[in-house]
1. In the set 148, 166, which member is farther than 20 Å from residue 49 by Cβ and either touching a residue at least 40 places away in the same chain (Cβ under 8 Å) or touching a helix residue (DSSP H, G or I) at 6+ places or on another chain (Cβ under 6 Å) (or both)?
2. Out of all the residues in the stretch 87-106, is one or more without any contact (Cβ under 8 Å) to a residue 40 or more places away in the chain and within 15 Å of residue 28 (Cβ to Cβ)?
3. Please go through (1) among the hydrophobic types (A, V, I, L, M, F, W, C); (2) touching a helix residue (DSSP H, G or I) at 6+ places or on another chain (Cβ under 8 Å); (3) surrounded by fewer than 22 Cβ atoms within 10 Å (Cβ to Cβ) for residue 124 and return the number of the only condition it doesn't satisfy.
4. So how many residues does the stretch 144-153 have that are outside any helix (DSSP H, G or I) and surrounded by 12 or more Cβ atoms within 10 Å (Cβ to Cβ)?
5. Within the stretch 154-189, take every residue that is in a helix (DSSP H, G or I) and of a type outside the set (A, V, I, L, M) and give me the one that is surrounded by the most Cβ atoms within 10 Å (Cβ to Cβ).
6. Can you name every residue in the stretch 1-39 that is of a type in the set (A, V, I, L, M, F, W, C) and touching a helix residue (DSSP H, G or I) at 6+ places or on another chain (Cβ under 8 Å)?
Amino acid sequence: MAAVESQMLELGTEAPAFSLPDPDGTMHSLRDGAAAYLVMFICNHCPYVKHVREELARIGRDYSDRDVAICAINSNDVTTHPGDSPDKMKEEAAEWGYVFPYLYDASQEVAKAYRAACTPDFYVFDAGRRLVYRGQLDDSRPSNNEPVDGGDLRAALEAVLSGEPVPDAQKASIGCNIKWRSGNEPDYF
């Protein structure tokens with residue numbers, strides 16, 4: 001399993017707008033007026049995502065009533081990775097209890113707008129939709145014995161919700177590369 005690091009979009013960047021469907025075809029965008037926004041790039045098959053999916057579900061439950069708008073986006077090419085298809089996404093969300101929308105980025109343009117590189121890749125925006133955190137969930141990896149507790153991501157969310165600054169020193173997320181369609185690879189690698 002070859003690991004790829006997040007591209008670390010510049011702090012202060014405004015959240016790129018999007019309108020993406022969930023597996024049922026319902027369109028979702030970043031809702032207005034949230035205290036914080038969490039955008040996650042994930043997929044079904046990646047061992048790094050499988051390693052943390054229980055914590056992703058827990059974060060969804062823990063912050064759903066705390067004015068955090070959360071969504072997960074799958075940008076993988078489903079022709080080469082059919083296990084990441086919208087039907088399989090729906091099954092994944094139900095099995096693991098995702099309470100946030102799990103959206104499909106068929107064009108891969110949203111992933112490019114966020115400079116997403118790997119799964120998982122995390123972005124936290126403040127109420128003004130300015131990027132305050134991009135990086136890892138926590139120090140846990142499938143190959144180490146560190147606890148999966150969402151420590152880094154939770155600390156960023158708590159800082160935003162309490163009006164405190166999020167530290168600029170942030171560790172890049174690491175995971176499987178996004179599975180780009182042939183000829184659609186981004187130029188930021």
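Bear in mind these aren't lab numbers, they're just calculated from the coordinates by the rules spelled out. Please read these numbers as outputs of a predicted model, since none were measured by experiment. Positions of Cβ are backbone-derived with ideal geometry, glycine not excepted, and every protein chain shown enters the neighbour counts.
1. Values: 148 fails: farther than 20 Å from residue 49 by Cβ.
None of the others qualify; the one that does is 166.
2. yes
3. Of (1) among the hydrophobic types (A, V, I, L, M, F, W, C); (2) touching a helix residue (DSSP H, G or I) at 6+ places or on another chain (Cβ under 8 Å); (3) surrounded by fewer than 22 Cβ atoms within 10 Å (Cβ to Cβ), only one is false for residue 124: (3).
4. Keep residues of the stretch 144-153 that are outside any helix (DSSP H, G or I), which gives 144-150.
With the extra rule that they be surrounded by 12 or more Cβ atoms within 10 Å (Cβ to Cβ), the set shrinks to 148-150.
Counting residues in the stretch 144-153 that are outside any helix (DSSP H, G or I) and surrounded by 12 or more Cβ atoms within 10 Å (Cβ to Cβ) gives 3.
5. Of the stretch 154-189, the ones in a helix (DSSP H, G or I) are 154-162.
Of the ones still in play, those that are also of a type outside the set (A, V, I, L, M) are 154, 158, 162.
On the way: 154: 17, 158: 14, 162: 8.
Among them, the one singled out is 154.
6. Filtering the stretch 1-39 down to residues of a type in the set (A, V, I, L, M, F, W, C) leaves 1-4, 8-9, 11, 15, 17-18, 20, 27, 30, 34-36, 38-39.
Across the stretch 1-39, the qualifying residues are 1, 3, 9, 18, 20, 35, 36, 38, 39.
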